Amino acid sequence: MAGYNLDDKTGLLSVFTKASLKVIKVSSDISMKHYNVYNNLVAIVESVSDPIIKLSIKENNKDLSLSPRDIIVLSYSDDNEVYLVSASIVSIEDDEPYQFTVSTIKIEKLKDLRKAERFFISNAAYIKVQGILEPIFGIATNISVTGIKIVCNINLLMEDIMDITLMIDKKQKVMFRGKIVRKNKFMDLYEYGFEIYELSEDNRRNLHHYVNSFKFDN
């Protein structure tokens, strides 16, 4: 499998064809990760019509706050195979508990992502740009030990080097300097591929530990 890397041509709404949404069955459970909660949530698949999936959260979570265009990660198991789906929320029909519709960005087998050592995530990230006082909030959507993809609504300059803070959980974070090497636009959102340019030894260890956790889970 060709690795999904920072220099590829895939944008925010690109869809891999190696795996199909046909594997996801209606009425089945699916695990979900959203950037403002650090534990996995369980949803029920209400309907599937490629590239659209309609979901409902099984239980209320007071910390969960969904919005259209949020990037989430779904994990689905079927016939001893684990599939990871990166998706963007399209609409929200109810919030007690949440019922919502997502559009698939990519779907891949977990074993293939492990080979490429690049994983779908939905984590809060903050970009510190020189000359701007407040960090820019973004959603980290893809990570490896050499780079990260972040979606935000601010137009940043290619080749700029910026300070990035990636939230792993409520207490842990990875901080590094990143250089923009890839940029895509969809409506008023921008997707950036950051090459990790500089990080301390402690942050390097934390990053490797976090990425390695995807290799051995499930």
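The values are calculated or read from the model by the stated rules, or taken from the named source; none is laboratory data. Source: prediction; values computed, not measured. We place every Cβ from the backbone using ideal geometry, glycine too, and count neighbours over all the protein chains shown.
Screening ILE53, ILE107 for residues that are modelled with pLDDT under 95, closer than 11 Å to ILE24 by Cβ, of a type outside the set (Ser, Thr, Tyr) and surrounded by 16 or more Cβ atoms within 10 Å (Cβ to Cβ) leaves exactly one candidate, ILE107. Scanning region 153-167 for residues that are modelled with pLDDT of 95 or more, under 19 Å from the mean Cα position of the chain (by Cα) and surrounded by fewer than 22 Cβ atoms within 10 Å (Cβ to Cβ) yields a count of 2. With respect to the conditions (1) of a type outside the set (Gly, Ala, Ser); (2) surrounded by fewer than 17 Cβ atoms within 10 Å (Cβ to Cβ); (3) in a helix (DSSP H, G or I); (4) touching a strand residue (DSSP E or B) at 6+ places or on another chain (Cβ under 7 Å), ARG205 lacks only one, and its number is (4).
For LEU41, state whether it is among the aliphatic types (A, V, I, L, M) and modelled with pLDDT under 90. Judged against the criteria, LEU41 is not a match. All conditions but one from (1) more than 26 Å from TYR190 (Cα to Cα); (2) under 19 Å from the mean Cα position of the chain (by Cα); (3) in a strand (DSSP E or B) apply to VAL90; the one that does not is (1).
The test for being of a type in the set (A, V, I, L, M, F, W, C) and either in contact with a Gly (Cβ under 7 Å, 6 or more places away or on another chain) or crowded, with 22+ Cβ neighbours inside 10 Å (or both) does not hold for ALA124.
Inspect all residues belonging to region 4-16 and state whether any of them is surrounded by fewer than 16 Cβ atoms within 10 Å (Cβ to Cβ) and at pLDDT 90 or above. Within region 4-16 (the criterion being surrounded by fewer than 16 Cβ atoms within 10 Å (Cβ to Cβ) and at pLDDT 90 or above), the answer is no, since none of the residues qualifies. Taking residues in region 48-70 that are under 24 Å from CYS152 (Cα atoms), and partners anywhere that are assigned to a loop (DSSP other than H, G, I, E, B) and of a type in the set (Ser, Thr, Tyr), the pairs with Cβ atoms closer than 8 Å and at least 6 places apart or on different chains are ASP70/TYR35.
Among the conditions (1) at pLDDT 95 or above; (2) buried (at least 17 other Cβ atoms within 10 Å of the Cβ), the only one that TYR98 does not satisfy is (1).
Exactly one residue out of THR165, THR146, THR141 is hydroxyl-bearing (Ser, Thr, Tyr) and farther than 25 Å from VAL85 by Cβ: that is THR165. Among the residues of region 176-189, are any in contact with a helix residue (DSSP H, G or I) (Cβ under 7 Å, 6 or more places away or on another chain), free of Cβ contacts under 8 Å to residues at least 60 places away in the same chain and surrounded by 14 or more Cβ atoms within 10 Å (Cβ to Cβ)? Yes, region 176-189 contains at least one residue that is in contact with a helix residue (DSSP H, G or I) (Cβ under 7 Å, 6 or more places away or on another chain), free of Cβ contacts under 8 Å to residues at least 60 places away in the same chain and surrounded by 14 or more Cβ atoms within 10 Å (Cβ to Cβ). Please work out if ILE150 is closer than 21 Å to SER103 by Cβ and either in contact with an Asp or Glu (Cβ under 9 Å, 6 or more places away or on another chain) or of a type in the set (D, E, K, R) (or both). Criteria met by ILE150. Among the residues of region 99-130, the ones that are under 21 Å from MET167 (Cα atoms), of a type outside the set (A, V, I, L, M, F, W, C) and within 13 Å of the chain's Cα centre (by Cα) come to 3 in all.
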